[in-house]
Structure formats: C-alpha cells, structure tokens
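The values are calculated or read from the model by the stated rules, or taken from the named source; none is laboratory data. A quick note: this is a predicted structure, and the numbers were derived from the prediction, not measured. Here the Cβ positions follow ideal geometry from the backbone for every residue, glycine too, while neighbour counts run over all protein chains shown.
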Amino acid sequence: MSQAGTSVVASAAGGAVPRRRRRLDREALAGYLFISPWLVGFLVFTAGAMVWSLGISFTRYNLATGAATPVGLANYRELLDDPRVATALGNTLFYAVLAVPLEIAFALVLAMLLDRVGRGAGFFRTVFYLPKMTPAVATAAIFFLLLNGSSGAVNRALRSIGISGPQWLVDPDWIKPSIVLMSLWAVSGTMVIFLAALKGVPRELYEVATLDGAGPWRLFRHITVPMISGAIFFNTIVLTIAAFQVFDSAYLLFWRDQGSSAPDASLFYAIYLFQQAFRQFNFGFAAAMAWLLFVIVLLVTVVQVRFGNRFVYYEADR
C-alpha cells in the first residue's frame, strides 16, 4: 500500500475512534438519565436519612421544635441498660433462627411441586403466588381466626386427630411460633426464585444419575441442591435481613389493640423501635436502636457471605 493510502486509512481509523467514543458517552448519559430518579430517591430518602439518623442518635431530638441537644453516647449506653431492648432483640433472634430455615424449606417444596406440574402450571403458579398479594391486615385477621385457641381451625384440625392444640396467641411459648406460621403464608416470592433456579437445572443430569441407580434422595442431595445453591444462598440472606425487621404481623396481632398490655413474647425489635420513635417520641434513642440493628444485620450478613459462599456451586468451578 502506498504512503498516501496508508495515511487515508489511518485518518479514517482516527476519525472512527472519536465517533465511537461520542456514541458511548451518549449511551452512558442516557443510562444515567434513566436511573437518575432512583439515584435521587436513594440519596435523599435512604442515604440522606441514614446520615441524618446517625446524627440525631447522639442527641435528644425534639420533633415539635426540631431542636437537638447533644448527649454524646448516652443513647447507646441506654441501649445496654434498657432490659426491653434485650428482650426485643432476643425475640427477634429467636424468630429469625426459626423462621428462615422453615421458609426456605417450605418455599423449596412448593417450587419442586410446581416444577413437576405440566399442563396448568401457569394456573397453579398464580394460585400459589396470590397469598403474597394479600394485604398484611387481611392476613393478620385470617390468622387471628385460624389460631384461636378454642375455636380456631388449626386447633379443631388437631383435635380431630387426638391432639390438644396450644393457646397460640396467649401462651408465651407459642406466640413466636404462631408468627412464624403466619410468615409461611407469604413465601411465594421465595418460591418463584427457587422455581426459576430449578428450571435451569439440566435434565440430562437427572437422566444420567437415574441410569446409574440414584434414587430421589440422592438426586435431590447431589444434583438439585448443588445446582440451585446460589438461589438458596441468596434467599437465605434476604430472608434473614427481613426476619430482623419483622414488624407488621406481630404488631397487627398483638400491639395494635392491646398496646402496652401485649405479652413480652411478641415484642420484636422493630416494634420497640417504633414505640420509642412514634409513641414516646424519643427519636434519639430510636435512631440509636436503628443503627444497632444495622450493625447486627451487617455482621450477620458478612458471616453468612463468608461462610455460605463456600457451599455455593458456580459454573466456573467445573
């Protein structure tokens, strides 16, 4: 190629680079414009609110006047001295340890049942997902009737097989299990994630393992669980974070009507935080409670990620 031809090619290539860069810049700008509503909302209503709450956690904040009197670490010291904080945190931890494994197991069973449905799968998916759409108030009313100790449907069913059911909503030992049962009503979101993961498991793996003599349990243990371990890991983290923030079910069943006379077994951390902020108007103390919960959830999540990530199967590991 002549020198003139080379210069023409170089000039054309040099002109193409700025055009490509300008196109990428326009695409990046368009992307930022599309996500700008979320960014503004996050900065104002999430990040901004977190910074503001951290500030007032070191003050005695008066909502009526907006005055904030600095008190240093007094609110955090009060967290250690308040026995109801320990009670609420203990109830929340108990609930999380009991609810998360049961929700994972129940959602996985439902997903595996749906995965086996052929015709009519869309109908059953819709039916199974409908409880997720039920308002929290309606769900609480339903379970208030179902778990009634004397006339509830659950205890009537138990009596029919010779078992005397407990006083679900009265006995302190059964209050938290009753709220766990109520949480199982809305596992359909978790179920959908498991169902999507199950659809991604290659059927050839089951066929080959079956030819080798593997039974249902070995298929589940050695193929299903490893192949959907990423979904199990994700759901465990999400459900754990949600469990530490349990509020509406316990509040609607016990605290909305009974108020201060509600049993301590139903006092969860988010409920006590709500009481301090919007009943006692002790916003500084409530902000300190919120930040303690944030630190606890962060530490639990870090432990889950560090420990659970070892058991997650990735395609790149093959």
*If Asn148 passes every condition in (1) over 25 Å from the mean Cα position of the chain (by Cα); (2) in a helix (DSSP H, G or I) but one, which one does it miss?*
(2)
*Residues located in segment 19-54, provided they are among the aliphatic types (A, V, I, L, M) and more than 30 Å from Ala290 (Cα to Cα)*: Leu24, Ala28, Leu29, Ala30, Leu33
*Are there any pairs, at least 6 apart or on different chains, whose C-beta atoms fall under 7 Å, with the first in segment 174-186 and polar (S, T, N, Q) and the second assigned to a helix (DSSP H, G or I) and modelled with pLDDT of 90 or more, and if so, which?*
Ser183/Ala99; Ser183/Glu103
_helices (runs of 4 or more DSSP H) wholly inside segment 206-318 that include at least 1 residues being over 30 Å from Trp174 (Cβ atoms) and of a type in the set (A, V, I, L, M)_ = 216-219, 229-243, 283-308
*Test Ser57 against the criterion of being buried (at least 16 other Cβ atoms within 10 Å of the Cβ), over 26 Å from Ile175 (Cα atoms) and of a type in the set (S, T, N, Q), and give yes or no.*
yes
*If we scan segment 80-89, do we find a residue that is within 30 Å of Asp173 (Cα to Cα) and not in a helix (DSSP H, G or I)?*
yes
*Report, ordered by the first and then the second residue, all pairs with beta carbons closer than 6 Å, sequence separation of six or more or different chains, a first member in segment 83-102 that is surrounded by fewer than 20 Cβ atoms within 10 Å (Cβ to Cβ), and a second member that is of a type in the set (Lys, Arg).*
Phe94/Lys176
*Looking at (1) in a helix (DSSP H, G or I); (2) modelled with pLDDT under 95, find the lone condition where Val100 falls short.*
(2)
*Checking Pro37 against (1) surrounded by 10 or more Cβ atoms within 10 Å (Cβ to Cβ); (2) modelled with pLDDT of 90 or more; (3) under 28 Å from the mean Cα position of the chain (by Cα), which test does it fail?*
(1)
*asked:* So if I check each of Ala214, Ala157, Ala196, Ala138, which one is surrounded by fewer than 16 Cβ atoms within 10 Å (Cβ to Cβ), more than 23 Å from the chain's Cα centre (by Cα), of a type in the set (A, V, I, L, M, F, W, C) and in the same structural domain as Phe244 (by TED's automatic domain parsing)?
replied: Ala157
_Quick test of your reading of the structure: Trp255 fulfils all but one of (1) within 22 Å of Thr92 (Cβ to Cβ); (2) free of Cβ contacts under 8 Å to residues at least 40 places away in the same chain; (3) touching a Phe, Trp or Tyr at 6+ places or on another chain (Cβ under 6 Å); (4) not charged (D, E, K, R). Name the failing condition by number._
(3)
